[in-house]
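This report concerns only the one structure given below.
The values are calculated or read from the model by the stated rules, or taken from the named source; none is laboratory data. Quick caveat, the model's predicted, so the values are computed rather than measured. Here the Cβ is made from the backbone with ideal geometry for all residues, glycine too, and neighbour counts use every protein chain on show.
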Amino acid sequence: MLKPAFLTRLACLLVSCVLGSAPAQAQPATIAAASDLQFALEAVREQYRLDTGRQVQVVYGSSGNFYRQIREGAPFQMFMSADESYVQQLADAGLTEDAGTLYAEGRIVLITPHGSVLKADTGLQGLGEALDNHQIQRFAIANPEHAPYGRRAEEALRHAGLWEALQGHLVLGENVSQAAQFATSGSTQGGIIAYSLALSPNVSRLGDYALIPQDWHEPLHQRMVLLRTAPPALHEFYAYLQGPRAREIMRDFGFELPEAR
């Protein structure tokens, strides 16, 4: 499972990488990024460091929570949302430099931990049978109220006719990364998470997964934008994310990409 100790080490690594290279007087360049980017964006960030010698700071969480925090004045300078509507609302409020850029389209998967009675299948037939046989005690998704991947999970489950049957069994993650932790911990029979997380070795080694059909839910159009306070360092990284190296990494993590600009 994704243990707290691992998450703590990852957080410490992020902080030490940023603080270790930033000049004492440099303005911090902070990105609020959807948690489905946890592994993909770290790979991009490392490649950026190798290519340029520069680094940026990233905080991961749910897009809905970040949207609210930015509206309330949180000091983020770039926003990478898993749902483009949040970026559009910030742009309408005059908080961004422009309407942003579509950087990826995400996918969702059913994931099951090793040893689960539930088997991963694209059509969720196994989940339906397990529910009928009273074999599902706990099933993890991100909170649909503020996590785009949670909303898409709900839509897919409704499409499959399983949403009502799962009420009382759902374990809600604050974001899709936490949902992945719950789904692979062995304390649940499985869950629905981001494909980009399932492809990471940190997660894929913990269970099996199957892609859920795209037409079972609304698209996960993921858009990024610079806030009006963004320093030059983030303008450079924003451009880098639209370049070939970053796009190749994003593709490796299962994201579908918009046409190159």
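Among the residues of the range 214-230, the ones that are over 17 Å from the mean Cα position of the chain (by Cα) and not polar (S, T, N, Q) come to 6 in all. Residue count for the range 26-58 under the criterion of being closer than 19 Å to R223 by Cα and in a loop (DSSP other than H, G, I, E, B): the result is 4.
Taking the condition among the aliphatic types (A, V, I, L, M), under 23 Å from F253 (Cα atoms) and at pLDDT 95 or above, does L166 pass?
It is false that L166 is among the aliphatic types (A, V, I, L, M), under 23 Å from F253 (Cα atoms) and at pLDDT 95 or above.
For the range 232-261: of the residues being out of contact with any strand residue (DSSP E or B) (no Cβ under 8 Å at 6 or more places or on another chain), surrounded by fewer than 16 Cβ atoms within 10 Å (Cβ to Cβ) and part of a loop (DSSP other than H, G, I, E, B), which is modelled with the lowest pLDDT? Among those that are out of contact with any strand residue (DSSP E or B) (no Cβ under 8 Å at 6 or more places or on another chain), surrounded by fewer than 16 Cβ atoms within 10 Å (Cβ to Cβ) and part of a loop (DSSP other than H, G, I, E, B), it is A260. Considering the range 162-183, the residues that are closer than 16 Å to L127 by Cβ and under 16 Å from the mean Cα position of the chain (by Cα) include one that is surrounded by the most Cβ atoms within 10 Å (Cβ to Cβ), namely A183. Restricting E164, E236 to residues that are in the same structural domain as A93 (by TED's automatic domain parsing) and either among the basic types (K, R) or touching a Lys or Arg at 6+ places or on another chain (Cβ under 9 Å) (or both) narrows the list to E236.
Looking at H134, H146, which is the one that is assigned by TED's automatic domain parsing to the domain that holds N175, buried (at least 17 other Cβ atoms within 10 Å of the Cβ) and more than 14 Å from G191 (Cβ to Cβ)?
H146
Taken over the range 202-231, the criterion of being farther than 27 Å from A153 by Cβ and in a loop (DSSP other than H, G, I, E, B) is satisfied by R228, T229, A230, P231.
Return the residue satisfying two criteria in turn: it lies in the range 46-57 and is surrounded by 14 or more Cβ atoms within 10 Å (Cβ to Cβ) and in contact (Cβ under 8 Å) with a residue 60 or more places away in the chain, and of such residues it is nearest to E248 (Cα to Cα). Among residues in the range 46-57 that are surrounded by 14 or more Cβ atoms within 10 Å (Cβ to Cβ) and in contact (Cβ under 8 Å) with a residue 60 or more places away in the chain, the one nearest to E248 (Cα to Cα) is Q47. In summary, helices (runs of 4 or more DSSP H) completely within the range 59-161 and bearing 3 or more residues that are within 22 Å of Q214 (Cα to Cα) and within 17 Å of the chain's Cα centre (by Cα) occur at 84-92, 148-159. Is it true that some residue in the range 195-212 is more than 27 Å from V117 (Cα to Cα) and of a type in the set (S, T, Y)? Looking through the range 195-212, none of the residues is more than 27 Å from V117 (Cα to Cα) and of a type in the set (S, T, Y).
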